[in-house]
Amino acid sequence: MKPDQEHGIVEAQLRQKGHRWTNQRALIVRMAFATHDHFTAEQLLDICRREDPKVSRATVYRTLAVLEQEGFVEGLETGDGGRRFEHVLGHEHHDHMVCLGCEQILEFHDDELEQRQLLAARRLGFQVLRHSLRLYGYCRACQRAGNSQRAAKGP
């Protein structure tokens, strides 16, 4: 899907749901959808302020909350109290592994795992509308560097 199409879909749905569509909100959406990386609200704020120094922190946080509520972005807890976001409109479903050492986020998709989740839901009579699987641990580099051992032992 092209960025203009994504923008149009987001704008139309937000307007339909009664959300304001301002120049700042349009900029925030454009910048959030311009990256395929996982970003923090503060990183998005910095990117937006390069184009419009008047973009407020509150507007970025409110816009991300609305985008998440409407299913256009997904928030990801990083295990350290922080959150990262990614836009999901027009992207294939995937799950995440979050390194507690370096905060790297690895994306993966496993068809067998997806089927097992659906089977478990079906056995319990549960209708799945969407889901998110996040695994928290240590990437190969952090394991080699001993970061996982230090974290496991505590401070």
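Things to note:
- Residue in the stretch 11-28 that is at pLDDT 95 or above and within 17 Å of the chain's Cα centre (by Cα) present: yes
- Qualifying residues in the stretch 1-15 (those that are among the hydrophobic types (A, V, I, L, M, F, W, C) and surrounded by 15 or more Cβ atoms within 10 Å (Cβ to Cβ)) - the one farthest from Ile28 (Cα to Cα): Leu14
- Qualifying residue in the stretch 104-127 (condition: out of contact with any Leu (no Cβ under 8 Å at 6 or more places or on another chain), among the hydrophobic types (A, V, I, L, M, F, W, C), closer than 30 Å to Ile28 by Cα and at pLDDT 90 or above): yes
- Criterion (within 14 Å of Phe85 (Cα to Cα), assigned by TED's automatic domain parsing to the domain that holds Glu6 and without any contact (Cβ under 8 Å) to a residue 24 or more places away in the chain) met by exactly one of Gln43, Gln16: Gln43
- Those strands (runs of 3 or more DSSP E) lying entirely in the stretch 21-113 with at least 3 residues over 25 Å from Tyr136 (Cβ atoms): none
- All conditions but one from (1) assigned by TED's automatic domain parsing to the domain that holds Arg140; (2) surrounded by 15 or more Cβ atoms within 10 Å (Cβ to Cβ); (3) without any contact (Cβ under 8 Å) to a residue 24 or more places away in the chain; (4) not charged (D, E, K, R) apply to Leu113; the one that does not is (2).
- Complete set of residues in the stretch 56-75 that are of a type in the set (S, T, N, Q) and touching a residue at least 12 places away in the same chain (Cβ under 8 Å): Ser56, Thr59, Thr63
- The residue that is surrounded by the fewest Cβ atoms within 10 Å (Cβ to Cβ), counting only those in the stretch 91-106 that are farther than 21 Å from Asn147 by Cα and among the acidic types (Asp, Glu), is Glu92.
- Flag if Glu51 is among the charged types (D, E, K, R), under 17 Å from the mean Cα position of the chain (by Cα) and more than 20 Å from Met1 (Cβ to Cβ): no
The values are calculated or read from the model by the stated rules, or taken from the named source; none is laboratory data. As the structure is a computational prediction, the values presented were derived from the model and not from experiment. Please note: Cβ atoms are built from the backbone with ideal geometry, for glycine as well, and neighbour counts cover all protein chains shown.
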